[in-house]
Amino acid sequence: MKKKPATIKEIARRLKISPSTVSRALNDHPSIGLVTTMRVKKMAEELNYEPNQTAIFFKQRRTFTIGVILPNLSEPFFSSAISEIEKVAGEHEYTVLMGQSHDDAARELKILQTFKKHRVDGILMSLGKNTEDLSFIKILDDAEVPIVFFDCVPRIDGVNKVYSDLSTGMREAVQSFAALGHKNIALINGPENLLASQERAAAYRKALKSENLEYNARYEVHTDLTERGNIEAIDKLLVLSERPSAIVSFNDFVTLDVIKYVRQRGLVQKKDVFFISYANYPLWKYMENPPMGSIEQYPDKQARKAAEILFRHMAANDDQQEPETVVFESKLVLK
């Protein structure tokens, strides 16, 4: 038969002392003498005693775990982010529970419910591109589970969020194109309902205006971020009688698809068409002919700051703790 784990009562029975004395000795309570403490710990070691973590968590009202929900861990952006989150969690002796939404709103909600059920002490989250219902925020707030959003954040007040100001990088991208003489500058944007897409669109139009370039609605197209969607988006631009010579795209993965497609169409990158995209993934250094540039959004800095905010709010344990917003400026990195 499988041997049952030793309990405080078993240690107390063998040493002929009270369970409460054993408990205090195991926790180095000053009221317990050194000799008794040593005897208790020696017996606990002999019996392979392990503390009842459930009881400890219940007493401290903590599980020493945080939940993290990201759209896709395979993306270098989020791989960099989770690395920083785990570093911060380790500094606080916390365990990280991971969940991938794959941009599926229903899956995202199920992960949130699971985290709540398992009583995580806090949650870090980057919203999926299809998430519109934010009612879970109040549910978590009522359950006293703090949440901090980063990168893809909700456009509402009263929540903790850390994100990158996409307009600074867009301005630098359009300026760089204009400096090379490009006048027909297009934007391959993400889904229209996505906050990040709306920010890119606004920044794009503002940047064109600052360079005295006319906005052309035909030069602003959208993709659902799938390979097929990316190809359909670039095709809309290539069939124009006056096609754009420079393109800013939603992210580097979109750019990878469109570079492949324009090459198949017989066009030469950095001659017939120039590209700049968002994210600045490390993959470009492995390409012989990378795009003209990529816009850095600092996923590591975003994630670390979001984690620091979360632990600060968990430590405060105060309903009056004011929500925090931190914004990092994006920056164009020329290749």
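If residue 199 meets every condition in (1) touching a Leu at 6+ places or on another chain (Cβ under 7 Å); (2) over 23 Å from residue 289 (Cα atoms); (3) modelled with pLDDT of 95 or more; (4) open to solvent by 10 Å² or more (accessible area, probe 1.4 Å) apart from one, which number is that one?
Failed condition: (3).
Within segment 132-165, can you find the residues that are among the polar types (S, T, N, Q) and either assigned to a strand (DSSP E or B) or surrounded by 22 or more Cβ atoms within 10 Å (Cβ to Cβ) (or both)?
Matches in segment 132-165: 160, 164.
When residues of segment 117-129 are filtered for being in a loop (DSSP other than H, G, I, E, B) and surrounded by fewer than 17 Cβ atoms within 10 Å (Cβ to Cβ), how many remain?
The qualifying residues number 2.
Check 306, 233 and return the single one that is touching a strand residue (DSSP E or B) at 6+ places or on another chain (Cβ under 6 Å), open to solvent by less than 10 Å² (accessible area, probe 1.4 Å) and under 26 Å from residue 79 (Cα atoms).
306
Could you list, in sequence order, all residues of segment 28-59 that are of a type in the set (A, V, I, L, M) and either open to solvent by 100 Å² or more (accessible area, probe 1.4 Å) or at pLDDT 85 or above (or both)?
32, 34, 35, 38, 40, 43, 44, 47
Within segment 314-330, identify whether any single residue is part of a loop (DSSP other than H, G, I, E, B), open to solvent by less than 30 Å² (accessible area, probe 1.4 Å), within 19 Å of residue 254 (Cα to Cα) and in contact (Cβ under 8 Å) with a residue 12 or more places away in the chain, and answer yes or no.
yes
Counting only residues that are among the charged types (D, E, K, R) and within 24 Å of residue 129 (Cβ to Cβ), which one in segment 64-99 is surrounded by the most Cβ atoms within 10 Å (Cβ to Cβ)?
By that ranking, first place goes to 84.
Looking at (1) farther than 20 Å from residue 74 by Cα; (2) at pLDDT below 95; (3) surrounded by 18 or more Cβ atoms within 10 Å (Cβ to Cβ), which one does residue 189 not meet, given that it meets all the others?
Only one criterion is unmet by residue 189, namely (2).
The values are calculated or read from the model by the stated rules, or taken from the named source; none is laboratory data. The model shown is predicted, which means the values in this text are computed figures rather than measured ones. Note: ideal-geometry Cβ built from the backbone for every residue, glycine included; neighbour counts use all protein chains shown. For the accessible areas, the whole protein counts, side chains as well, though only heavy atoms, and no ligand, DNA or RNA atoms are used. Shrake-Rupley method; radii C 1.70, N 1.55, O 1.52, S 1.80 Å.
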